[in-house]
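Remarks on the structure that follows.
The values are calculated or read from the model by the stated rules, or taken from the named source; none is laboratory data. Note that the structure is a prediction, hence the values are computed from the model and not measured. In this analysis, Cβ positions are derived from the backbone assuming ideal geometry, glycine residues included, and neighbour counts consider all displayed protein chains.
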Amino acid sequence: MKVVELRGADKVFSNGMRGLAPIDLAVQPGEFVTLIGPSGCGKSTLLKLIANLLGPTAGEVAWWGENFGRVGEPGRRIAFVFQEPTLMPWSRVEANVRLPLDLAGIAPAEAAPRVAAALAQVELSGFLRHYPRQLSGGMRMRVSIARALVTGPDLLLMDEPFGALDEFTRNRLDDDLLRLSFERRLTTIFVTHSLYEAVFLSTRVIVMAANPGRIYAEFRIDEPEPRGDDFRSSARFAELSRELSQILHAASVAGAAVQ
Amino acid sequence: MTERTPGLRAAAPVAVGLLILALWEGACRFGHVPPYLFPTPSAIALRLVEQWPVLLRALGSTLLITVQAFVLAVVLGTLIAFVFVQNKLIEASFFPYAVLLQVTPVVAVAPLIIILVKNTALSLTICATVVAIFPVISNTTIGLHSVDPGLLSYFRMNKATRLETLLRLRIPSALPFFLAGLRIASGLALIGAVVAEFVAGTGGQSAGLAYQILQAGFQLDIPLMFAALFLIALTGVALYLAMVALNNAVLGGWHESARTEET
């Protein structure tokens with residue numbers, strides 16, 4: 001069954017601006033789909049439609065073949081990681097990670113081992129009692145990822161989560177993310193500005209163009225999992241990056257030409 | 001610039017105070033300033049000790065009015081702020097009147113309140129509450145609005161109820177603003193209480209420090225005036241320090257306002 005399917009979904013903002021042209025897109029279980037494109041191409045808007053943070057102006061979005069009402073049930077869980085860590089500064093790391101479990105009404109005794117396991121996965125086990133401001137930017141982002149993983153999501157949505165981090169930290173988090181999504185057979189939809197990140201992570205890259213925001217091209221990356229530093233430094237990686245770069249360039253020209 | 005040790009941080013203002021007192025004492029003595037114009041610190045201290053029972057009772061009375069007004073301002077101000085944030089229209093309709101309350105000088109309103117309300121202690125408390133309530137309303141309102149939009153989206157996405165969002169997100173977000181409001185309100189409650197006492201001019205058992213100042217003025221007992229003034233200032237400082245301690249206790253660890261040197 002398709003995890004997410006958009007059928008002619010578009011978005012016109014209240015000020016009359018067209019954010020997205022009607023979009024058709026289906027994501028299969030286990031895919032790692034990356035949305036990439038020049039700014040203003042609507043990739044964040046598209047992700048928000050998929051997260052139900054925005055409703056489509058026309059067309060429809062289906063989650064596991066149904067409407068949003070059943071999302072949250074076992075096998076239909078969605079987690080979202082924002083550009084910013086978006087942690088509660090007044091809560092310690094453990095309470096931040098436990099938040100989605102608290103909101104789902106899970107008892108603290110049952111939640112505690114799951115929180116510990118999620119933090120172990122992002123290698124932050126020693127930081128349970130820390131406040132977010134005592135952590136570095138990369139560590140905060142890892143807390144944010146632990147908070148997303150703790151619910152055992154089936155679909156993980158990420159909106160440029162590592163955009164504000166330095167390249168070294170970003171590569172490390174990309175490695176971790178890929179390992180986790182591979183181990184858990186997660187379906188992931190990921191927004192990024194970085195084409196290298198897109199090539200490294202994705203099974204499928206959706207290249208978008210602006211004016212109005214639309215899907216310009218699709219680019220499959222059939223490199224098998226698990227991927228690591230070997231892949232990052234391979235000739236194949238360089239070749240894929242070059243191809244994607246050309247498509248991306250064409251997309252930005254196509255988006256600018258309409259103006 | 002950073003302080004080297006906490007001890008120096010506490011000692012420095014005390015040293016400045018002692019220096020000023022010494023200069024004051026010296027200037028009055030060597031300049032032969034008469035005590036009914038400007039008394040020496042030692043004369044003030046002596047008067048403070050002599051009149052201690054009277055001053056203590058006056059202090060208790062003023063402090064009671066201040067604390068009552070402060071508590072009332074915090075409770076009412078917070079309730080009003082919660083009503084304001086429920087609905088933009090409610091806030092837009094009533095906020096100007098909260099401002100009106102703020103900009104009208106208490107000296108001008110106090111006589112009216114004192115005439116309308118028979119019970120003196122109650123009328124004084126109402127005056128001081130009127131002065132102290134505005135920062136609580138405005139800060140708490142701003143605080144309840146100042147929620148990280150990302151976290152708000154996160155709560156919505158996790159299907160949090162209105163109550164959960166209020167308890168887990170809006171109230172903690174508002175706390176630093178609320179506590180800053182309390183800090184201002186505590187000082188204003190004292191000012192309101194003293195000003196209202198001046199206007200009311202009531203003596204008897206419930207006479208406060210303002211009444212002592214008035215009386216001392218009539219009798220040209222300038223050292224006693226200073227002694228009462230000193231107690232008012234001391235009360236203000238104590239209230240302020242209590243609010244700082246509360247701020248640090250509540251926000252310790254996570255908020256910049258309660259931040260101590262990094263260890």
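Among residues that are farther than 16 Å from residue A:177 by Cα, among the charged types (D, E, K, R) and more than 14 Å from chain B (Cβ to nearest Cβ), residue A:110 is included.
Restricting to region B:249-263, what's the tally of residues that are within 18 Å of residue B:179 (Cβ to Cβ) and either more than 14 Å from chain A (Cβ to nearest Cβ) or not in a helix (DSSP H, G or I) (or both)? Break it down into steps so the answer makes sense when it comes.
Narrowing region B:249-263 to residues within 18 Å of residue B:179 (Cβ to Cβ): B:249-260.
Narrowing further to those that are either more than 14 Å from chain A (Cβ to nearest Cβ) or not in a helix (DSSP H, G or I) (or both): B:252-255, B:259-260.
Count: 6.
One residue alone among A:145, A:106, A:78 is surrounded by fewer than 17 Cβ atoms within 10 Å (Cβ to Cβ) and either in contact (Cβ under 8 Å) with a residue 24 or more places away in the chain or among the β-branched types (Val, Ile, Thr) (or both), and that residue is A:106.
Could you check, for region A:79-91, whether at least one of its residues is closer than 22 Å to residue A:3 by Cβ, within 11 Å of chain B (Cβ to nearest Cβ) and part of a helix (DSSP H, G or I)? There is no residue in region A:79-91 that is closer than 22 Å to residue A:3 by Cβ, within 11 Å of chain B (Cβ to nearest Cβ) and part of a helix (DSSP H, G or I). Being part of a helix (DSSP H, G or I) and either within 13 Å of the chain's Cα centre (by Cα) or at pLDDT 90 or above (or both) holds for only one residue in A:119, A:157, and it is A:119. One residue alone among B:94, B:70 is of a type in the set (Phe, Trp, Tyr) and surrounded by 15 or more Cβ atoms within 10 Å (Cβ to Cβ), and that residue is B:70.
Output the residues belonging to region B:19-68 that are more than 24 Å from residue B:125 (Cβ to Cβ) and of a type in the set (Gly, Ala, Ser).
Let us first name the residues in region B:19-68 that are more than 24 Å from residue B:125 (Cβ to Cβ), namely B:19-53.
Matches in region B:19-68: B:22, B:26, B:27, B:31, B:42, B:43, B:45.
Keeping to region A:223-256, report how many residues are surrounded by 13 or more Cβ atoms within 10 Å (Cβ to Cβ), free of Cβ contacts under 8 Å to residues at least 40 places away in the same chain and of a type in the set (Ser, Thr, Tyr). So the count comes out to 1.
Taken as a whole, region B:45-56 holds at least one residue that is surrounded by 11 or more Cβ atoms within 10 Å (Cβ to Cβ), within 30 Å of residue B:182 (Cβ to Cβ) and either of a type in the set (S, T, N, Q) or in contact (Cβ under 8 Å) with a residue 40 or more places away in the chain (or both). Look at region A:1-26: where a residue is touching a residue at least 24 places away in the same chain (Cβ under 8 Å) and a partner is aliphatic (A, V, I, L, M) and not in a strand (DSSP E or B), sitting 6+ places away or on another chain with Cβ atoms under 6 Å, you get A:4/A:50; A:9/A:49. Each residue in region A:139-166 was checked for being within 17 Å of residue A:186 (Cα to Cα) and among the aliphatic types (A, V, I, L, M), and 9 pass.
A Cβ distance below 6 Å, combined with a sequence gap of six or more or placement on separate chains, defines the contacts here; from region B:127-148, residues that are within 14 Å of chain A (Cβ to nearest Cβ) reach residues that are among the aromatic types (Phe, Trp, Tyr) in the pairs B:143/B:177; B:143/B:178. Among the residues of region A:32-66, which ones are in a loop (DSSP other than H, G, I, E, B) and within 14 Å of another protein chain (Cβ to nearest Cβ)? Passing the criteria: A:51, A:52, A:53, A:54, A:55.
Selection within region A:122-140: residues that are assigned to a loop (DSSP other than H, G, I, E, B) and not charged (D, E, K, R). The member of this set that is nearest to the other protein chains (Cβ to nearest Cβ) is A:131.
Conditions tested, residue by residue: (1) over 12 Å from residue A:195 (Cβ atoms); (2) among the β-branched types (Val, Ile, Thr); (3) part of a loop (DSSP other than H, G, I, E, B).
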residue	(1), (2), (3)
A:211	yes, no, yes
A:214	yes, no, no
A:218	yes, no, no
A:224	yes, no, yes
A:236	yes, no, no
A:242	no, no, no
A:247	no, yes, no
A:250	yes, no, no
A:253	yes, yes, no
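Being more than 30 Å from residue B:180 (Cα to Cα), in contact with a helix residue (DSSP H, G or I) (Cβ under 8 Å, 6 or more places away or on another chain) and part of a helix (DSSP H, G or I) is a property that residue B:42 has. Is it the case that residue B:122 is within 14 Å of chain A (Cβ to nearest Cβ) and surrounded by fewer than 21 Cβ atoms within 10 Å (Cβ to Cβ)? No.
Give, as residue ranges, the helices (runs of 4 or more DSSP H) completely inside region B:149-228 that count at least 3 residues that are more than 14 Å from chain A (Cβ to nearest Cβ) and touching a strand residue (DSSP E or B) at 6+ places or on another chain (Cβ under 7 Å).
Ranges flagged: none.
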